[in-house]
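Enquirer: Before I ask anything, here is the structure I am working with.
The values are calculated or read from the model by the stated rules, or taken from the named source; none is laboratory data. Here the structure is a predicted model, which means the values were calculated and not measured. A quick note on method: Cβ atoms are made from the backbone with ideal geometry, for glycine too, and the neighbour counts reach across all protein chains shown. Remember, those area values only see protein heavy atoms, side chains included, never the ligands or the DNA or RNA. Shrake-Rupley method; radii C 1.70, N 1.55, O 1.52, S 1.80 Å.
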Amino acid sequence: MIASRSSVPPTTVDAVAERLREQVLTEEIPPGVQVTESLVASRFGIARPTARAAIDRLVQEGLFRRSAHASARVPQLTATDINDLYFARGCIDREVARGLADRRTVPPQAHAALVDLLAATNQSPLLDIVAADINFHRALTDGLGSTRLTSLYNSLMGEVRLCMAQVQSKGLLTPRSIYDEHVIIASEIASGNSERAAEVVTTHLEHARVALLKNLENQDAQTSARPD
């Protein structure tokens, strides 16, 4: 079973949702593929209501999309999706950096995430790199102590994970370059440089956004070049 983040033992729904999450992020379940209750129930040997609950959880996280009367699918993020996601992230992440810099506070969990990211290499498991990257940004957000802001940020995390996983699977940015940028963010926060902290956050997010858009352009060009 997948280990729980709390002392409460994971349920079957927890374990199946976690396994589906891994399959989405590693593109074992690629974008656009239908994920039905019957498929999940058969794959994991579980009842359909349990499968439905696991699928619903990933829909809530943004890792699946489902329109009315349709099966869930892994979203195929467009350029518009990527631009909008990073716009929304920037609005939050910059204010988080400013707020923490005003306090000169870098949460301990952010330092722990930096240690994990420093240990990562291009050969490290994709999910470990993505987890360290996410844990750094989540720790900063949680560090402000605003439950509403944390909830808002968590609502973006499914699609953020998809983007981070693609960055790693396509080799768009190295773990070391991400670590180095995180260190600069943490340093500016610790120094109390609120506007500089916001600037380096913007640069950090822009590197990922531009890399993802360039990769998407290359994919579209390759698709267009294929013979009918």
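Enquirer: Does the range 30-86 hold any residues that are outside any helix (DSSP H, G or I), open to solvent by 40 Å² or more (accessible area, probe 1.4 Å), among the hydrophobic types (A, V, I, L, M, F, W, C) and touching a helix residue (DSSP H, G or I) at 6+ places or on another chain (Cβ under 9 Å), and which are they?
Expert: Hit for the range 30-86 is 47, nothing else.
Enquirer: If you don't mind, there's one more thing I want to ask. Please go through the range 109-131 and pick out each residue that is of a type outside the set (A, V, I, L, M) and without any contact (Cβ under 8 Å) to a residue 24 or more places away in the chain.
Expert: Across the range 109-131, the qualifying residues are 116, 123, 125, 128.
Enquirer: Pick from the range 111-125 the residues that are out of contact with any His (no Cβ under 8 Å at 6 or more places or on another chain) and surrounded by 18 or more Cβ atoms within 10 Å (Cβ to Cβ): which of them is farthest from residue 184 (Cα to Cα)?
Expert: Looking at residues that are out of contact with any His (no Cβ under 8 Å at 6 or more places or on another chain) and surrounded by 18 or more Cβ atoms within 10 Å (Cβ to Cβ), I get 120.
Enquirer: Only one residue in 94, 89, 21 is modelled with pLDDT under 95, surrounded by 15 or more Cβ atoms within 10 Å (Cβ to Cβ) and outside any loop (DSSP other than H, G, I, E, B), so which one is that?
Expert: One residue alone meets the criteria, 21.
Enquirer: So which residues in the range 132-162 are hydrophobic (A, V, I, L, M, F, W, C) and either touching a residue at least 40 places away in the same chain (Cβ under 8 Å) or buried (at least 18 other Cβ atoms within 10 Å of the Cβ) (or both)?
Expert: Within the range 132-162, 132, 136, 139, 140, 144, 149, 152, 156, 157, 160, 162 meet the criteria.
Enquirer: Here is a further query. Checking the conditions here, which among 165, 198 is more than 18 Å from the chain's Cα centre (by Cα) and buried (at least 16 other Cβ atoms within 10 Å of the Cβ)?
Expert: Only one candidate qualifies: 198.
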